[in-house]
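Everything below concerns the one structure shown next.
Readers should treat all values here as calculations from the given coordinates under stated rules, not as data from a laboratory. Since the structure is predicted, the reported quantities are computational estimates derived from the model, not experimental observations. Cβ placement follows ideal geometry from the backbone for every residue including glycine, while neighbour counts extend to all protein chains displayed.
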Amino acid sequence: MATSEFAAGDVVVVPFPYSDRFAEKRRPALVVSADAVQRQGFIWVVMITSATHRALPQDLAIEDLALAGLGAPSLVRPLKIACLEPSRIVRKAGQLSEKQMAAVGAAIRSFIG
């Protein structure tokens with residue numbers, strides 16, 4: 001099987017859907033799905049938002065902005081997850097460290113019933 005173009009831990013730019021209206025906003029997001037999801041034609045991402053927004057309890061501050069390809073303090077918001085087709089990804093911006101990905105994974109698992 002072919003390898004996926006994007007991997008868990010990649011910070012990408014996508015048209016992320018709003019949760020309260022039928023609209024999207026181009027923003028950074030974090031890939032959290034395994035290659036098996038992409039081989040099925042989808043990719044799971046969680047929202048990345050500006051650190052100036054009100055933080056939710058599970059939000060995680062991005063520690064290495066340069067590695068993530070971000071220019072301003074930002075938070076990963078594991079509560080807001082979206083399923084997209086990989087073709088909707090505009091570009092890869094950077095990536096998160098393995099340590100931060102472990103924390104994001106733990107936060108996501110805390111929401112799964």
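Please report, in debye to the nearest 20, how large the charge dipole of the chain is about its Cα centre when each Lys and Arg carries +1 at its beta carbon and each Asp and Glu carries -1 there. Each step should come with its number before you reach the end.
Details: 13 positive and 10 negative charges, 65 e Å.
Its charge dipole is roughly 320 debye.
About its Cα centre, how strong a charge dipole does region 64-113 have in debye, to the nearest 20, once Lys and Arg get +1 and Asp and Glu get -1 at the Cβ? Kindly include the intermediate steps, with their values, before the conclusion.
Numbers: 7 positive and 3 negative charges, 25 e Å.
Here region 64-113 has a charge dipole of around 120 debye.
Within the chain, what is the longest stretch that has no trypsin sites (Lys or Arg not before Pro) placed in a DSSP loop and near at most 14 other beta-carbon atoms within 10 Å? Present the calculation step by step, with values, prior to reporting the outcome.
On the way: sites that count: Arg21, Arg54.
Maximal segment without exposed cleavage sites: 55-113.
Considering only the other residues whose Cβ falls under 13 Å of the Cβ of Arg26, what net charge follows from Lys and Arg at +1 and Asp and Glu at -1?
Net of charged neighbours comes to +3.
Chymotrypsin sites (Phe, Trp or Tyr not before Pro), restricted to region 13-48: which are DSSP loop and have at most 10 other Cβ atoms within 10 Å?
Qualifying residues, ordered by number: Tyr18, Phe22.
According to the square roots a ≥ b ≥ c of the eigenvalues of the Cα gyration tensor, what is the shape class of region 1-99, taking rounded for a/c under 1.5, prolate for a/b larger than b/c otherwise, and oblate for the remainder?
oblate
From the helices alone, meaning DSSP H stretches of at least four residues, give me the mean residue ellipticity at 222 nm for the chain, per-run term -39500 (n - 2.57), in deg cm²/dmol to the nearest 500.
-4500 deg cm²/dmol
Among 5-11, 81-87, how do they line up by average Cβ neighbours within 10 Å per residue, starting with the highest?
Put in order of decreasing packing, that is 5-11, 81-87.
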